[in-house]
Structures are given as C-alpha cells and as structure tokens.
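The values are calculated or read from the model by the stated rules, or taken from the named source; none is laboratory data. Computed from a prediction, not measured in an experiment: that's the story for all the values here. Cβ placement follows ideal geometry from the backbone for every residue including glycine, while neighbour counts extend to all protein chains displayed. Please note that ligands, DNA and RNA were not included when accessible areas were found on the heavy atoms of the full protein model with its side chains. Shrake-Rupley method; radii C 1.70, N 1.55, O 1.52, S 1.80 Å.
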Amino acid sequence: MVRSLITALCLFCLPAAAAEEQVVLGLSQDRVAITATFDGSEILIFGAIKREAPIPEGPPLEVIVTVAGPSEPLTVRRKERKLGIWVNTDSVEVDLAPSFYAVATSGPFKEILTNTEDLRYRVSIERAIRSVGAAMHIEAAQDFADAVIRIRESESLYSIRENTVAVDEQTLFRTSIDMPADLTEGDYAARIFLTRGGNVVSQYETTIDVRKVGLERFLYNMSREQPVWYGLMSLVIAIAAGWGASTAFRLLREK
C-alpha cells in the first residue's frame, strides 16, 4: 500500500494576525503515485496548534480534516420503468462535484460546526457539491444531488468519519484518511479547520498531487494525445494475445 505521510517536519502557518490559534503543518511527501499495483493509499495527517497566549477558556478545541479530489461538472439522470423498460426521464446538471471527498472530525460533526460555518466554508459532503441546476418542472431536485452522494458513498469515494481525529491537550492532532484504488488524477485539496463552540477559529490548506506514473502514465498520455496510434496498438495487442492463446491451446491438445 502506498503511504502518503503528512507530518510536522517543516513549519508552515497562517500569518500571525490571522488568528490566535493557528495550524502548524508540514509535508514529508506530497505525491501519490498510481502504478499497476496501486491498491489504495492511506494518508496520515499530523499537526499542531501554534499559540501566542494560553489556551482560551470555554469550549474545547475541535479539529476537522477534509480531503477533496478534483471537481468536475456532471449530469444526473432519473430512470423510470415504462412499459417494462427502464428509460431516462428527467436530468439535472451539477456544476461541480468532487471525485473524492472525505471528512474526518474530532467529534460529532453537527456539534463541532454550525450550519452557518458549514455554509461559509463548504465542509460537509452536501455543501461540497456546488449548484444543482434543475428546470422548474423537475420535482425534488435535491434528490439528484443526494443520488450522487449515495452512489459515491457506496463506492467509498465519499465518507464522513466522525471521532477519528485524535486531539491531545488541545495542541496536537492526528488522523488518517483511506483513499480507494480508483483515484482520479489531479490535485487533492487537504483542509484543516480548528473550531470552538461550532465556529471556525483557524484553517489551513495544502495540496496532494495524485498522478499516474510509469507505463500507466505512458498509456494514459498516448490515449489522449495520439488516439489513433493508441487504438492501433490496442488492436495489435488483442490480435497477438488471441493468436498466442489459440497456439497454446493447440499445443496442449497435441500432447
């Protein structure tokens, strides 16, 4: 399993005037390489809280970590059974939906982040999906966005993992995010939010580069940049494989 480690080896933080409590984070590896044997990745996230004053009194510090894959528009269609056949009826355009989205929290999500802050920072899975455009005649347009979430949750592409961020002495935090094997290439945005009483007091964002490497990268580029040659090569390989298999079976029958 490929392991991408996010550790506090180097110090990066928000400007001093931005907040009284700030995220301190470092990257020991900021790339995930997709190879022929890639079967997923576990991202380990560590960090600390930098303060210029003692720990504030009041509600305890909570931490939310999100990892989002590249977003892209998509069309969601509703199927209905008519005359014994499933046919597409209504369709809705979703402006942007992340290919992967995971949320890890140090407590119950609704208790450590208010709806107002969720709307402002788009933290929850529902808020991560941008603008569902539906025609006036389409009923229950929100069902289309819910369908995207339901399908991608079943494929382990969307998840919310409450109580999986460990916070020690309101100063150190750590968690891990499991990523499936069928990742989309691109920059994955990792965001860390510090909250008190449901309000965000500080945030930090960095990126993780997910790319195909080796033969996978060569074939991927060829399919996009030289589709004719890619098609011919695939045809030759298929013919060679078929001929090789038939020859092998013939030799086995002759023995």
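Odds and ends about this structure:
- Residue check for LYS255: surrounded by 10 or more Cβ atoms within 10 Å (Cβ to Cβ) and at pLDDT below 80: no
- Residue ID - modelled with the lowest pLDDT, chosen from residues in segment 196-218 that are farther than 25 Å from ASP178 by Cα and open to solvent by 60 Å² or more (accessible area, probe 1.4 Å): PHE218
- The residue that is modelled with the highest pLDDT, among those in segment 127-159 that are exposed (fewer than 13 other Cβ atoms within 10 Å of the Cβ) and of a type in the set (Asp, Glu), is GLU155.
- Residue match in segment 22-33 (condition: modelled with pLDDT of 80 or more and either on the phi > 0 side of the Ramachandran plot or part of a strand (DSSP E or B) (or both)): yes
- Single residue of GLU72, GLU80 found to be within 25 Å of ARG122 (Cβ to Cβ), of a type outside the set (Val, Ile, Thr) and surrounded by fewer than 20 Cβ atoms within 10 Å (Cβ to Cβ): GLU72
- Within segment 155-180, residues that are of a type in the set (Gly, Ala, Ser) sit with their Cβ atoms under 6 Å from residues that are open to solvent by 30 Å² or more (accessible area, probe 1.4 Å), at 6+ positions apart or across chains, in these pairs: ALA166/ARG174; SER176/GLU42; SER176/LEU44.
- Pairs are defined by a Cβ separation below 6 Å, a sequence spacing of at least 6 or placement on different chains, a first member in segment 109-128 that is assigned to a helix (DSSP H, G or I), and a second member that is among the aliphatic types (A, V, I, L, M); the pairs so defined are GLU117/VAL200; ILE125/ILE149.
- The C-beta contact set for segment 71-82 (first residue basic (Lys, Arg), second residue open to solvent by 100 Å² or more (accessible area, probe 1.4 Å) and part of a strand (DSSP E or B), distance under 9 angstrom, 6+ apart or interchain) comprises LYS79/TRP86.
- The residues of segment 86-115 that are out of contact with any Pro (no Cβ under 9 Å at 6 or more places or on another chain), surrounded by fewer than 17 Cβ atoms within 10 Å (Cβ to Cβ) and at pLDDT 75 or above, listed by number, are PRO108, LYS110, GLU111, THR114, ASN115.
- Test for GLU162: is it touching a Pro at 6+ places or on another chain (Cβ under 7 Å) and open to solvent by 20 Å² or more (accessible area, probe 1.4 Å): yes
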